[in-house]
1. Under 18 Å between alpha carbons, and skipping anything fewer than 8 positions from Lys201 in its own chain: which aspartates and glutamates qualify?
2. Net charge near Thr170: determine it from the other residues with C-beta under 9 Å of the C-beta of Thr170, scoring Lys and Arg +1 and Asp and Glu -1.
3. Let a ≥ b ≥ c be the square roots of the eigenvalues of the Cα gyration tensor of segment 66-203; is it rounded (a/c under 1.5), or, if not, prolate (a/b larger than b/c) or oblate?
4. Test of understanding: extend the Cα→C-beta vector of Ala459 to 7 Å, then name every residue of segment 32-54 with backbone N under 13 Å from that spot.
5. Work through the residues other than Thr273 whose Cβ is under 10 Å from its Cβ and net out their charges, Lys, Arg +1 and Asp, Glu -1.
6. Of Val34, Thr402, Pro140, which is farthest along the charge dipole of the chain in the positive direction, counting Lys and Arg as +1 and Asp and Glu as -1 at C-beta?
7. Straight-line reach from Lys463: which lysines have a Cα under 19 Å away, not including same-chain ones fewer than 8 places off?
8. Show me 411-418, 246-253 ranked by packing, highest mean number of other Cβ atoms within 10 Å first.
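FYI, it's all coordinate maths here, none of it is from the lab. Just so you know, these numbers come straight off a predicted model, no measurement behind them. Using ideal geometry, Cβ is built from the backbone for each residue, glycine included, and neighbour counts are taken over all protein chains shown.
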Amino acid sequence: MRRLTPVILLLVAMPAFAQPDRYELGRRVHAFEVAWDEKAGDAAAKKRAAPLVNQAVQKFFQLQLPEAGRSLDAARHALASADPAPADVRWAESLRILPETRMVDATAADLSMTVKPFYKPDAEAPKGAKIRLKLGTGKPVEAALDTLPATIKVSVKDVPGPPSADFKLTGDVIVDGKVLSTKAVGVSRVENLKTRLAAVKEAFAGVPSPPTTVEQATFGLLIKMLDPLANKGVPETDLPASRLLAGAERMAKVTEPYYIPKRGGEFWLAIPTGKNPTVVRIRIPQKLDERKDPVPVVFALHGMGGSENLYFDAYGNGIVPRLATERGWIVVAPRVEGLLGSGPAPPVPAILDELAKRYPVDPKRVYLVGHSMGAAHAVQLAQRDPGRYAAVAALGGTGRITKPDAMQNLPVFVGCGKLDFALAGAQNLHKRLEEAKCPVTMKEYDDCEHLLVVREAAADVFKFFDHKKGN
């Protein structure tokens, strides 16, 4: 159990009944990462928070997800102050919002919300506590929190915007007019939900099995993502369900390639790479069709228990896609299948070959960045297909060197936090790469552990990649 990736706080594969806890813990991770970024230059603040983050990691390993959330909340407050959070704030932070569903038909008048603790608060509820809920730009609804759990209805039909739209439901916990804590949950409103979903399912029945194109495979993926939401399932992260359904309808009609350079943006795709398609989340630069030169591509490999969403919705609040976008590069995060997301390395060469048919990928500037298990996968892929990658970054992890000759001319960046339980493994990887005559660079980060190493190392990784080209 000790080898599981702490960053999978967001996405760890646990029994289905724990999915709401997985989602909620992901919200705490996100809030902490935003606060950590705001204190980027404050070494004292980070030093205060680091031990509490380690506490969160230990609670996670014990599968005490709510207690891990408590420690993350405390760590976030430690970034702001050396003093503990006030009792009323600690109570407010313990709460969470559970919508009855995350995908609601546009004809629904309202949506029920349950407010209750995520973890047992260590302070009494303050007198006069209220919550103010607001869906998108709709009218706020206030309700007393004298008794928990509390059920509150929020208008859906009257929220301004198109009938089909993706919203943020925000909830401010208030005492005496002061906002003590703010919560946010993704909720989608969809016009003619049942009819439209049934229609795309019927259309998909005519798709070959296995699918032969990205469009066909992605059509099936979108339906698999939408089905649980339509049945009141809780996703691992906020999903733009209204946009995904529109995408499924589009895939039901397309006869020509749709995912092409002129369509920039962020997509979930299924790439035919064998018997089963490989799921990826990808970001394509805007106006890629106007670029004269081919562009670099970064493959971002997640840790055990994770998915294609980690690099976009966790891991430094999406810092890797952000840095790639700033450079006009493509970034691809493949999903690792298998129990706890612990399967073999994704088929990156096959994914790359398929994408290169559609996008102007520079074959001399293909980079791998992996975290924890993903670091081991990156090292493995580099040895399996020497010459295909311009550089590799292994963060918070290790890897076996079985073909030292394949690593001799490959630049590798090894990064690890000084508080990371994986530090010894990363140091050993560095040593083995040196022995293989690999041009390796290693950096250890102060007041940083497994959860935060991607955030702390990302800027160094991209500087490392900037001037590295393959043969």
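1. Asp105, Glu191, Glu215, Asp227, Glu249
2. +3
3. It is prolate, given that a/c is not under 1.5 and a/b is the larger ratio.
4. Inside the label zone: 37-43.
5. -1
6. Toward the positive end, the furthest listed residue is Thr402.
7. Lys364, Lys443
8. Highest-to-lowest ranking by the protection proxy: 411-418, 246-253.
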